[in-house]
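Inspection log for the structure reproduced underneath, given as structure tokens.
The values are calculated or read from the model by the stated rules, or taken from the named source; none is laboratory data. Bear in mind the structure is a predicted one, so any value in this text is a computation, not a measurement. Ideal geometry is used to build each Cβ from the backbone, glycine not excepted, and the neighbour counts take in all protein chains shown.
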Amino acid sequence: MKSNLTLIGMPGAGKSTVGIILAKNLTFGFLDTDVLIQINQQKSLQQIIDGSDHLNLRRIEEGEILKLNIDKHIIATGGSVPYSEKAMEHLKNISEIVFLYVSYDELERRIHNFETRGISKAPNQTFKEIYDERQILYKKYADIVVDCYRLNQDQVAMEIVKSYILKGAANNNNKGI
């Protein structure tokens, strides 16, 4: 059983908030890769995009993730992380990947700053286009999928803990333990 949990999903899915709750519940450290990027670049995500482009933000994100060498952490990623196969392979090697699934309608209700939130997107790409494109990638890499429909953040965290524990028990049973 891998000792880290990585949260993936769309902007607005609750990765950072749920990640902090999980870290407290599991007595793990917490790392938000968006914050890590902002600290190391001394710019907001939106400033990085405005100063270059969305692909540069993705390159920076990949580089930061490939440097991660941590244990017993909850890792909240940026929504664009699954575009990098290298980053996702690294995360899969060091953690269980948890996809926080939130419907498009719910995300549209939650996100009001689409153009200024620092979302890695092609020029003129709509939120719906990004949503549809990323759902395939999130599902591809997920070890655990949590449908967040009608769950508050504490309930989402509890669902993740249950799935993580069950997965660990199943892995131990498969090893004859």
Here are Ile70, Ile37, Ile75: which of them is modelled with pLDDT of 95 or more, in contact with a Leu (Cβ under 6 Å, 6 or more places away or on another chain) and under 23 Å from Leu5 (Cβ atoms)? Ile75
Selection count, the stretch 129-141, where residues are in contact with a strand residue (DSSP E or B) (Cβ under 6 Å, 6 or more places away or on another chain) and farther than 13 Å from Met10 by Cβ: 1
Contacts under 6 angstrom Cβ, first residue in the stretch 1-26 being farther than 12 Å from Thr77 by Cα, partner surrounded by fewer than 24 Cβ atoms within 10 Å (Cβ to Cβ) and among the aromatic types (Phe, Trp, Tyr), 6 or more apart: Ile20/Phe30; Ala23/Phe30
Total residues in the stretch 10-21, condition β-branched (Val, Ile, Thr) and modelled with pLDDT under 95: 0
Need the failing condition index for Ile49 against (1) among the β-branched types (Val, Ile, Thr); (2) within 14 Å of the chain's Cα centre (by Cα); (3) within 27 Å of Gln125 (Cβ to Cβ), just the number. (2)
Does any residue in the stretch 112-134 that is at pLDDT 80 or above and outside any loop (DSSP other than H, G, I, E, B) come within less than 8 Å, Cβ to Cβ, of a residue that is charged (D, E, K, R) and surrounded by 11 or more Cβ atoms within 10 Å (Cβ to Cβ) six or more places away or on a different chain, and which pairs are these? Phe127/Glu108; Ile130/Lys121
Of the conditions (1) touching a residue at least 40 places away in the same chain (Cβ under 8 Å); (2) in contact with a Lys or Arg (Cβ under 9 Å, 6 or more places away or on another chain); (3) of a type in the set (S, T, N, Q), the single one that Asn171 does not satisfy is (2)
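Please verify whether Leu7 is under 13 Å from the mean Cα position of the chain (by Cα), modelled with pLDDT of 95 or more, assigned to a helix (DSSP H, G or I) and under 18 Å from Tyr138 (Cα atoms), treating the condition exactly as stated.
Taking the combined requirement at face value, the residue does not satisfy it.
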Which of the residues that make up the stretch 28-42 are free of Cβ contacts under 8 Å to residues at least 24 places away in the same chain and either within 16 Å of Ile70 (Cβ to Cβ) or of a type in the set (D, E, K, R) (or both)? Val35, Ile39
Is there a residue being closer than 15 Å to Gly78 by Cα and either among the β-branched types (Val, Ile, Thr) or in contact (Cβ under 8 Å) with a residue 40 or more places away in the chain (or both) anywhere in the stretch 144-152? no
Got at least one residue in the stretch 135-143 being closer than 26 Å to Ala23 by Cβ and in a loop (DSSP other than H, G, I, E, B)? yes
